[in-house]
Amino acid sequence: MASSPDSMEASHLDSMSSPRVSLSRLKYMSLGVLVLQTTSLVLTMRFSRTLQGEGPRYLASTAVVSAELLKILICLLLVFYDHSFSFRVLNLVLKEEILNKPMETLKLAIPSGIYTLQNNLLYVALSNLDAATYQVTYQLKILTTALFSVSMLGKRLGLYQWLSLLILMTGIALVQWPTESLGGSSPTPLSAGTQLVGVIAVLIACFSSGFAGVYFEKILKETKQSVWVRNIQLGLFGLVFGLMGVFVYDGERVRESGLFQGYNPLTWSVVALQALGGLVIAAVIKYADNILKGFATSLSIILSTLISYFWLEDFDPTSVFFLGAVLVIAATFLYGYEAETCHQPQQSLDWRPATSHSRV
């Protein structure tokens, strides 16, 4: 039987709308997962570093190594999947792209070393700062990334983007503004000295994130190599640098109590969230845009603040903090809006695929 024109038109519209619905669903699913991953990583890392339990606390340096190892395994599986689950092809790809191109591989040593340092610094920061202050202050990486992208990639920023960076700096300054707590002592009080250590760790991490992210983007743009293969190269160097850090700074403790001392399900959750962070960000870059990514970041800050206050009880909010947080969130939106209106390529300059924070 012949189909009526109306039914044919409806069928055509359904076939056209289906990909849109699917793409829209993927967009918001990836953003939802990003919010969940970012918030969960910050809060679980903070909780794991302040939890008072029996036995020794786990070593942050070994957690970084564990995350790198897990990241390598995930990327190997993705490359394996991309080549139709063929071990022969996987072996050829790894040999051709890693062993037969030593100079290309060595280029990844610089960002990998910086990322390893940064991942260790984030543990230091969350050991000395509450989750809310860390989340807001860490958005300074937007500024450092923008400055490095201008100087290293020749990128031009619009008026609203420069304005958003000024607003961002103002907001972060207000968040760090010294205030007297009105709510009494918290169960886990933080002294000015420990907070200073945390702030310094975050600032160094922001600068390292900006430089390494732009450097890695520059390498990606200059070659046609698979992103997952690049991440395997990053992970291999990260594993070497991470192990060096373990035995230089925690060698004696490892010899006494082992590499995985103090590990528990919470610790492994932190490791898994760190390793999966970059993959989530990669999905957001593919399916979403800068405005929605800014929305996800802002929502993560709000959730971290609420959970830090109500659940971890290590954060006593003040009006100055909230003003600074609002400015940081507004700056994030403004920066993303300018990038979209200028029709720039959807490249996240603080993207660190398959490395922590992740995607934090």
Accessible area in square angstrom per residue, segment 26-73, 1.4 angstrom probe: 41
Sequence ranges 220-226, 34-40, 102-108, 112-118, ranked by mean other-Cβ count within 10 angstrom, highest first: 112-118, 34-40, 102-108, 220-226
Vicinal HN-Hα couplings computed from phi for segment 81-96 (Karplus, 6.51 cos²θ - 1.76 cosθ + 1.60; Hz; Gly/Pro x): 5, 4, 10, 6, 6, 9, 5, 5, 5, 4, 4, 5, 5, 5, 5, 5
Residue-by-residue Karplus 3J(HN,Hα) for segment 27-37, coefficients 6.51, -1.76, 1.60, Hz, glycine and proline x: 4, 6, 5, 5, 5, x, 5, 4, 4, 5, 5
Carbon/sulfur fraction of accessible area - segment 66-105, other protein chains in place, 1.4 Å, %: 69
Net +/- balance of residues flanking G235 in space, Cβ distance below 10 Å, scoring K and R +1, D and E -1: +1
Tensor-based shape of segment 52-139 (alpha-carbon gyration tensor, a/c under 1.5 rounded, otherwise prolate or oblate): prolate
Calculated FRET value between R255 and R57, using beta carbons and R₀ = 25 Å, to 0.05: 0.90
Among the listed pairs K155/K218; K71/K224; K95/K224; K101/K221, those beyond 19 Å (Cα-Cα): K71/K224
Under 12 Å from the E222 label point (7 Å along Cα→beta-carbon), backbone N, segment 128-167: 153
Dipole of segment 44-113, positive direction: furthest Cα of V79, P56, A109, with charges on the beta-carbon: P56
Rounded if a/c under 1.5, otherwise prolate or oblate - segment 84-126, Cα gyration tensor axes: oblate
Ranked packing of 56-68, 304-316, most packed first, by mean Cβ within 10 Å: 56-68, 304-316
³J(HN,Hα), Karplus 6.51/-1.76/1.60, whole Hz, each residue of segment 224-237, x for Gly, Pro: 10, 6, 4, 4, 5, 5, 4, 6, 5, 4, 4, x, 5, 5
Inter-probe distance in nm under a simple model that places probes 7 Å from Cα toward Cβ, at L26 and I204: 4.0
Whole-number accessible area per residue in Å² for segment 107-165, which is evaluated in the context of all protein chains at 1.4 Å: 32
Inter-label distance, nm, simple model (7 Å from Cα along the C-beta direction), L73/T170: 4.9
Among 207-215, 329-337, 77-85, the order from most to least packed when residues are scored by Cβ within 10 Å on average: 207-215, 329-337, 77-85
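The values are calculated or read from the model by the stated rules, or taken from the named source; none is laboratory data. What you see is a predicted model, and the numbers here were worked out from it, not measured in a lab. Reconstructed Cβ throughout: ideal geometry from the backbone, glycine too, with neighbour counts over all protein chains shown. The accessibility values were calculated without ligands, DNA or RNA, using every heavy atom of the protein model including side chains. Shrake-Rupley method; radii C 1.70, N 1.55, O 1.52, S 1.80 Å.
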